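First up is the structure itself, then whatever we jot down about it.
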Amino acid sequence: MPNQRHSYFYPTRIEYGPGVIQELPSMIKESGRSKGLLVTDQGLESAGIPEKVRNLFTDSGIELITYNEVKSNPTCENVYAGTIVYKESGSTFIVALGGGSSMDVGKTIKVMATHEGPLEQYDDALGGDCLIQNNMPPFYAVPTTAGTGSEVGRSSVILIKATNKKTIIFSPFMLPDIAILDPELTVGLPAGLTAATGVDAFVHNLEAFWVDAFHPFADGIAQRGMALCVKNLERAVVNGQNISARGNMLMASSMGATAFQKGLGVNHAIAHALGVHYDLHHGLANATLLIGTTKYNIEYENARAKLASLGSVLGVKNDADEIVAMMSNWLRRLKLPSDLKSFQIDSNDLKKIEKYALADPSCPTNSRKVVAGDVIDILERLI
Ligand SMILES: [Fe+2]
């Protein structure tokens with residue numbers, strides 16, 4: 001609220017442009033570093049993208065050692081194994097190349113490079129952020145998907161085996177030193193994944209905008225981020241080579257993650273639960289829930305009015321029901337489901353899913369206060 005005290009963090013350096021990845025070696029060379037760790041995954045290796053990046057660095061006289069075993073739901077083992085490679089190779093910086101998983105693992109290797117294990121002691125939910133010092137190596141984030149926006153975020157989510165919990169590791173010092181937004185690196189993403197990750201970016205912007213907090217910076221960014229998604233995602237899905245649409249989606253993704261410093265909502269809380277219990281892809285989970293959670297939220301008058309105010313941003317009338325219809329049509333055109341009917345969610349699991357969602361850090365900032373039974377109600381209408 002305007003008469004209260006607030007802190008905002010918007011310091012990420014962003015280098016945007018088709019082909020801008022070619023400039024990363026010289027940006028790093030300026031700091032006098034000559035050997036670093038590349039964190040990526042096997043899927044990208046098969047697509048040949050890490051090889052191109054390694055060649056760019058070799059041509060600039062910088063050695064890149066690779067750790068490419070990042071899993072789609074990254075684990076502490078990924079972090080520990082990558083940290084060993086980092087230390088044993090004598091690396092002095094980290095480049096993460098990929099989607100949110102590689103960026104999260106890269107960010108956490110940055111922490112473990114200079115901090116003692118085990119990782120679970122840095123659990124943000126247990127106050128672990130206070131243990132993270134600003135003595136870490138430089139970190140450069142290069143997204144190859146447009147959705148998570150992890151390249152501008154200060155946290156990572158890692159599955160810790162000892163506690164069997166997706167754990168948030170957070171510190172302002174984990175913010176990447178430079179985010180490289182190169183739309184040419186995203187042109188190979190298949191249409192289905194482009195659509196799902198793009199809707200994740202849209203939901204970040206929407207849920208952040210909806211959070212009831214005084215944050216005009218985030219609100220402005222979120223509105224523009226949503227407009228970019230609605231104007232460009234379909235174009236990027238239909239023609240993956242469309243650099244303009246790809247570039248706008250990369251921006252919308254970074255904008256969403258910048259805006260959600262304000263918080264997220266119940267859509268993400270349930271998506272996280274479905275990720276843990278059904279291994280559902282995060283972007284796809286967000287898409288399946290979007291209409292159900294929006295209808296739930298707009299039963300609350302304040303949330304309804306706030307959504308209605310987005311009409312001009314989304315190209316329809318300032319009317320909440322029209323916006324729901326617009327989003328529903330948009331998902332259909334993107335060939336994404338707007339319910340959970342095809343995912344065989346067991347009705348016996350709804351209690352377990354709700355328990356996880358209510359405890360998720362995204363839940364308390366939802367535009368409507370979520371109480372016991374609400375998540376089950378939302379899910380019963382979607383399965
Ligand atoms: Fe998300």
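The values are calculated or read from the model by the stated rules, or taken from the named source; none is laboratory data. This structure is a prediction, so every number in the text was calculated from the model and none was measured. With ideal geometry, Cβ positions are generated from the backbone for all residues, glycine too; neighbour counts draw on all protein chains shown.
Flag set for Ala162, criterion: part of a loop (DSSP other than H, G, I, E, B), away from the ligand (no atom under 14 Å from the Cβ) and over 25 Å from Val266 (Cα atoms). Scanning region 95-102 for residues that are at pLDDT 95 or above and more than 24 Å from Asp200 (Cα to Cα) turns up nothing. Look at Leu189 and say whether it is more than 14 Å from the ligand (Cβ to nearest atom), of a type in the set (A, V, I, L, M, F, W, C) and more than 30 Å from Gln133 (Cα to Cα). Spelling it out, Leu189 is indeed more than 14 Å from the ligand (Cβ to nearest atom), of a type in the set (A, V, I, L, M, F, W, C) and more than 30 Å from Gln133 (Cα to Cα).
The set of residues from region 1-46 being under 25 Å from Asn248 (Cβ atoms) and in contact with a Phe, Trp or Tyr (Cβ under 7 Å, 6 or more places away or on another chain) comprises Tyr8, Tyr10, Leu24.
Results for (1) polar (S, T, N, Q); (2) outside the structural domain of Leu274 (by TED's automatic domain parsing); (3) within 16 Å of Thr288 (Cβ to Cβ), shown as yes or no for each residue.
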site: Ser312; (1), (2), (3): yes, no, no
site: Gly315; (1), (2), (3): no, no, no
site: Ser342; (1), (2), (3): yes, no, yes
site: Asn348; (1), (2), (3): yes, no, no
site: Ala372; (1), (2), (3): no, no, no
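Taking into account only those residues within region 1-32 that are closer than 30 Å to Ala213 by Cβ and among the polar types (S, T, N, Q), which is farthest from the chain's Cα centre (by Cα)? Going through the qualifying residues, I end up with Asn3. When region 165-186 is filtered for residues that are away from the ligand (no atom under 16 Å from the Cβ), touching a strand residue (DSSP E or B) at 6+ places or on another chain (Cβ under 9 Å) and not in a loop (DSSP other than H, G, I, E, B), the ones remaining, listed by number, are Lys165, Thr167, Ile169, Met174, Ile178, Ala179, Ile180, Leu181, Pro183, Leu185, Thr186. Residues in region 353-380 that are more than 24 Å from the chain's Cα centre (by Cα) and touching a residue at least 24 places away in the same chain (Cβ under 8 Å): 4 in all.
Yes/no matrix, rows are residues, columns are (1) under 22 Å from Gly283 (Cβ atoms); (2) surrounded by 24 or more Cβ atoms within 10 Å (Cβ to Cβ):
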| position | (1), (2) |
| --- | --- |
| Leu24 | no, no |
| Met27 | no, no |
| Arg33 | no, no |
| Ser72 | yes, no |
| Glu77 | no, no |
| Ala81 | no, no |
| Ser89 | no, no |
| Gly98 | yes, yes |
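Of all residues in region 324-352, which are within 23 Å of the chain's Cα centre (by Cα) and among the small types (Gly, Ala, Ser)? Answer for region 324-352, where residues must be within 23 Å of the chain's Cα centre (by Cα) and among the small types (Gly, Ala, Ser): Ser328, Ser338.
Out of the residues in region 264-279 that are out of contact with any His (no Cβ under 9 Å at 6 or more places or on another chain) and not aliphatic (A, V, I, L, M), state the one that is nearest to Asp339 (Cα to Cα). Filtering region 264-279 for residues that are out of contact with any His (no Cβ under 9 Å at 6 or more places or on another chain) and not aliphatic (A, V, I, L, M), the one nearest to Asp339 (Cα to Cα) comes out as Asn267.
Residue count for region 336-355, restricted to those that are part of a helix (DSSP H, G or I) and surrounded by 20 or more Cβ atoms within 10 Å (Cβ to Cβ): 2.
In region 211-289, counting only helices (runs of 4 or more DSSP H) that sit wholly within it, the ones holding 2 or more residues that are within 12 Å of the ligand (Cβ to nearest atom) and buried (at least 24 other Cβ atoms within 10 Å of the Cβ) span 243-259, 266-278. Looking across region 121-151, the residues that are within 16 Å of the ligand (Cβ to nearest atom) and either more than 11 Å from Met174 (Cβ to Cβ) or not assigned by TED's automatic domain parsing to the domain that holds Leu37 (or both) come down to Pro143, Thr145, Ala146, Gly147, Thr148, Gly149, Glu151. For the structure I just gave you, tell me whether Glu184 is over 29 Å from Pro364 (Cα atoms) and of a type in the set (D, E, K, R). Against the criterion (over 29 Å from Pro364 (Cα atoms) and of a type in the set (D, E, K, R)), Glu184 qualifies.
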